[in-house]
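This report refers to the structure that appears directly beneath it.
The values are calculated or read from the model by the stated rules, or taken from the named source; none is laboratory data. Keep in mind it's a predicted model, so treat the numbers as computed, not measured. Positions of Cβ are backbone-derived with ideal geometry, glycine not excepted, and every protein chain shown enters the neighbour counts.
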Amino acid sequence: MAAFLGMAVAGHADTKTWGGEYVPAPEPVAGRITLGAYIFPGWYRDTGRGDYPYRTHDEDSEWKNCIAKQPAPRPLLGFYDDSLPEVNDWHIKWALEHGVSFFAFDWYWNAGEKRLSRSLEQGFLKAKYADRMKFCIHWCNHSLDWKRDGKPAPLDFGVRALTEMAEYLAGNYFKRPNYLTVEGRPVFISFLSDPLVAANGGPAGFRGAIGEMNKVLRAKGLKDLYFVALNGGPHSGAAGFSAFTAYAYYGTDMDSPYEWKSGFSIPYADMVTHCETMWQSATRKKDLPYIVPVDSNWDNRPRARGKAVVITGKTPDLFEKMCRASLRYIDKRNNLAIIEAWNEWGEGSYIEPDKEFGFEFLDRVRKVYTDAPDAHTDLLPSDAKVAGFSVLNAEEVAQAKALESQPYPPPPLSVRTTKIMTDVPLPQTDVLKKWEFDSGTAEGWRFHQIEPVNFENGRFVARVTSGDPQLIVQHLGVEVEAIGHIALRIKAARDCRVCEVFWTTKKAPSLSERKSFSFGLKGDGEWHTYLISKKPEGEWGGTLEALRLDIGSVDETFEIDWIRLYGKGNPQ
């Protein structure tokens, strides 16, 4: 503890051990904005199978089988049981005293079946100081170990399931005075928005479904939902959403020499730059209010081991730089931002105090988002209290402590293997495949969630209609090793800034994120030529069978003059 105590004192904050019987009352500081943090509510589990991905999410212990098996991270509260009200009161105290005024609890629900609910319902809601801390629900509406009648069950996003969920939300959470609202409307965030819209027949159908949910709320004397589309966009208003946000923007800009890749790492400074790039893009359109997402870090080695992606070079100064930049993008219509995350220990995303940095990251939150003085005292529970919170027994804790002195080097930096050149002379090599669109047809390309599609003067003209636009061509039969460059001539409207390329090969015939790369488009309404070279490696090898281009996002337009695969050779 001495190491981080010295660092904290240098920053005009002190850390002391509290010897009282219970958590002392929080001393909240006023924030410049309404700032929250996501809470992962799974830190009470202590049994189960133990591997990942889990089959038994209410049992499998990340403390025992992930975090404690690695040298880091190590929370100052130890391997705590977050279904304990006292643990939640420490979280509440630390959050309020550093400018975090609400928690967004990850909430797992499918047609009446719940997962990981004890942290919220037995821990936070029964905490002594819960009434001083706002909270809201972040519905993690994705695949899990869902069952019905003892058998695996699909996700149900139909109107009946949604209104049943609204009944539970209203009765158990929304009516509480500390539930987060905007203009009196309960804030409700959904992790996935497109599947909700699709399951209800499109935007109009989902607007109707939200209307049915609002009827439930009104019957209980509540205002309509402030329904937030996480991983949505400004276009989400057509489907009835009230605002949009993102969970995180971990990654790098297209011009970074590094790329996000499994088994490798990227620099924290590049991630900070990327966050601002994404904020700029998200705030260009003003259709819907935006909740600014602020990243903390990513290091999922405890879960993913050798397949992890790690952000290296994390420092309080770089984190503060990112937090300060976020203030320029706060939407005055809701004045909200949210940090990912408070306690995602298995993913290395946390601002909760840990042994490496102590309270430094929370102190930077206080410094940026509040007007409170830097000088303050942060209190910690005693060692005996921490031991009493632990899910692990004394022997398991000792084994975990023994690992802390072992080396824990991150994987190597992922040097970008895909090179993008814009508006340079074309290669003087053979053209292996080409699509010029002079015939007035798609020339073998299929398209999804892109319409209307027109062919005008030898150009493919289209508008994106959903969040997963796709152009696909198959039966290529070209050897990857023979490809020198993939070339495209595209005119992208303003805000159409990214193209993601997927591929399949004869040996690996399925599409996946693992077989993809992205490049940036100049969304300026002008024609540009993009020349892409990619070094054969991993699954980019063998016989190329299919290409898929995902261009832009909803309501963005683009035109393609031609697409070509050039043979080996350098541009002249």
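For this structure, a couple of remarks:
- Hits in the stretch 370-389 (condition: assigned to a helix (DSSP H, G or I) and in contact with a helix residue (DSSP H, G or I) (Cβ under 7 Å, 6 or more places away or on another chain)): PHE389
- When residues of the stretch 422-442 are limited to those that are assigned to a strand (DSSP E or B) and in contact with a Leu (Cβ under 8 Å, 6 or more places away or on another chain), the one nearest to TRP527 (Cα to Cα): THR422
- For the stretch 86-104, the candidate set comprises residues that are out of contact with any Pro (no Cβ under 8 Å at 6 or more places or on another chain) and of a type in the set (Val, Ile, Thr); within that set, the residue that is surrounded by the fewest Cβ atoms within 10 Å (Cβ to Cβ) is VAL87.
- Residues of the stretch 408-416 include at least one that is in a strand (DSSP E or B) and at pLDDT 95 or above.
- Candidate set from the stretch 395-407 (those that are out of contact with any Pro (no Cβ under 7 Å at 6 or more places or on another chain) and outside any loop (DSSP other than H, G, I, E, B)); member that is nearest to GLU356 (Cα to Cα): LYS401
- Just one of the listed residues (PRO154, PRO177) is surrounded by fewer than 20 Cβ atoms within 10 Å (Cβ to Cβ) and without any contact (Cβ under 8 Å) to a residue 12 or more places away in the chain, and it is PRO154.
- Test for SER296: is it at pLDDT 95 or above, over 30 Å from TYR226 (Cβ atoms), among the hydroxyl-bearing types (Ser, Thr, Tyr) and buried (at least 20 other Cβ atoms within 10 Å of the Cβ): no
- Residues (in contact with a Ser or Thr (Cβ under 8 Å, 6 or more places away or on another chain) and under 15 Å from GLU396 (Cβ atoms)) located in the stretch 49-70: GLY50, SER61
- Cross-chain or 6+ apart pairs with Cβ under 7 Å, the stretch 194-208 first and among the aliphatic types (A, V, I, L, M), then modelled with pLDDT of 95 or more and surrounded by fewer than 18 Cβ atoms within 10 Å (Cβ to Cβ): ALA199/GLY158
- Unique match (being assigned by TED's automatic domain parsing to the domain that holds HIS376 and either more than 21 Å from the chain's Cα centre (by Cα) or part of a helix (DSSP H, G or I) (or both)) among ASP106, ASP89: ASP89
- Some residue of the stretch 484-498 being without any contact (Cβ under 8 Å) to a residue 40 or more places away in the chain and surrounded by fewer than 16 Cβ atoms within 10 Å (Cβ to Cβ): no
- Looking only at the stretch 324-362, and only at residues there that are assigned to a loop (DSSP other than H, G, I, E, B) and of a type in the set (A, V, I, L, M, F, W, C), the one that is nearest to GLU276 (Cα to Cα): ILE330
- Among the residues listed as SER281, SER296, the single one being in contact with a strand residue (DSSP E or B) (Cβ under 6 Å, 6 or more places away or on another chain), of a type in the set (S, T, N, Q) and in the same structural domain as ASP106 (by TED's automatic domain parsing): SER296
- Scoring VAL197 on the criteria (1) modelled with pLDDT under 95; (2) surrounded by fewer than 20 Cβ atoms within 10 Å (Cβ to Cβ) leaves a single failure, condition (2).
- Which numbered condition ASN457 misses (of (1) assigned by TED's automatic domain parsing to the domain that holds CYS499; (2) touching a strand residue (DSSP E or B) at 6+ places or on another chain (Cβ under 9 Å)): (2)
- Qualifying positions in the stretch 312-358 - among the β-branched types (Val, Ile, Thr) and either buried (at least 24 other Cβ atoms within 10 Å of the Cβ) or more than 17 Å from GLY31 (Cα to Cα) (or both): THR312, THR315, ILE338, ILE339, ILE351
- Answer residue from the stretch 39-56, given it is more than 19 Å from ARG301 (Cβ to Cβ) and at pLDDT 80 or above and is nearest to the chain's Cα centre (by Cα) among those: ILE39
- Residue within the stretch 282-290 that is assigned to a helix (DSSP H, G or I), in contact (Cβ under 8 Å) with a residue 40 or more places away in the chain and among the β-branched types (Val, Ile, Thr) present: no
- Test: VAL453 is surrounded by fewer than 18 Cβ atoms within 10 Å (Cβ to Cβ), of a type outside the set (Ser, Thr, Tyr), within 28 Å of ALA238 (Cβ to Cβ) and free of Cβ contacts under 8 Å to residues at least 12 places away in the same chain: yes
- Of all residues in the stretch 112-151 being at negative phi and touching a His at 6+ places or on another chain (Cβ under 7 Å), the one that is surrounded by the fewest Cβ atoms within 10 Å (Cβ to Cβ): ASP145
- Only one of the numbered conditions (1) under 23 Å from the mean Cα position of the chain (by Cα); (2) outside any helix (DSSP H, G or I); (3) of a type in the set (Gly, Ala, Ser); (4) surrounded by fewer than 20 Cβ atoms within 10 Å (Cβ to Cβ) is violated by GLY237, and that is (2).
- Check on LEU392, assigned by TED's automatic domain parsing to the domain that holds ALA30, out of contact with any Pro (no Cβ under 8 Å at 6 or more places or on another chain), surrounded by 15 or more Cβ atoms within 10 Å (Cβ to Cβ) and assigned to a loop (DSSP other than H, G, I, E, B): yes
- GLU167 satisfies every condition listed in (1) free of Cβ contacts under 8 Å to residues at least 60 places away in the same chain; (2) farther than 23 Å from ARG207 by Cα except (2).
- Given (1) touching an Asp or Glu at 6+ places or on another chain (Cβ under 7 Å); (2) in contact (Cβ under 8 Å) with a residue 60 or more places away in the chain, number of the condition PHE102 does not satisfy: (1)
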